[in-house]
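Here's the structure, in structure tokens; my notes come after.
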Ligand code: SF4
């Protein structure tokens, strides 16, 4: 199977429980909640989406013919260090449209831990070492377990109460980054103060000037 990758780069994870961790980011092309085209933005629940996941023309992106070719490109991004577990984050778009057992197994054999950031509409394969679920709509929300739930706030129809009894180790609220972002952040802070099950997630990569 071929894989379509928008961009592939080495950086620090900016959000959630793995914040600050050195990571290879593999951003797959395509999403099942939006075409990524501006002409369709008014039709999606993700009207706030600020990610470019269209095509394969980003840094390190391309069409990879099989798991070996993409796996080797990911391995080549990791620095030559014996003292840290190599880590790759599959994101998108929606990474579970493409991530499969062949690629997971190839990277595990190379010693990598595998993180995934998904919108939760597709059940995740087994073998993922760090599963971050960030729901965008209640309809078709399938992946109700994982390591962290990262809920953007506020989202219509997605109150935190709906998720807090699900099987996750960490519960994060993250303010939507739109023109009202400062007000959303105040609402997130207030919610976490009143509901200690939830923690604030910041987009630290933006604060640090990273991708
Ligand atoms: S699921 Fe994520 S990547 Fe896809 S359109 Fe929504 S916010 Fe953007």
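Just a few scattered comments:
- Each DSSP beta bridge with both residues in the stretch 1-147 is either parallel or antiparallel, and the antiparallel ones are about 45%.
- Summarising the strand pairing of the stretch 73-211, around 0 percent of its internal DSSP beta bridges are antiparallel.
- Computed over the stretch 119-194, Kirkwood Rh from alpha-carbon pairs, angstrom: 13.0 Å
- Order by protection proxy (mean Cβ within 10 Å, highest first), peptides 138-149, 4-15, 155-166: 4-15, 138-149, 155-166
- Pairwise centroid distance, computed over Cα atoms, of the stretch 151-190 with the stretch 77-125, Å: 25 Å
- Shape metrics for the stretch 28-78, restricted to C-alpha atoms - Rg then Dmax, Å: 13.9, 39
- Cα radius of gyration and Dmax for the stretch 3-207 (Å): 16.7, 50
- Protection proxy ranking of 25-36, 173-184 - average other beta-carbon atoms within 10 Å, highest first: 25-36, 173-184
- The chain, helix-only ellipticity at 222 nm - DSSP H runs n ≥ 4, -39,500 (n - 2.57), divided by all residues, nearest 500: -5000 deg cm²/dmol
- Relative contact order for the stretch 3-207, counting Cα pairs under 8 Å that sit 6 or more residues apart, in percent: 19 percent
Only the coordinates and a few stated rules stand behind these numbers; no lab work does. Note that the structure is predicted; figures quoted are calculated from it, not measured. Cβ: placed from backbone, ideal geometry, glycine included. Neighbour counts: every protein chain shown.
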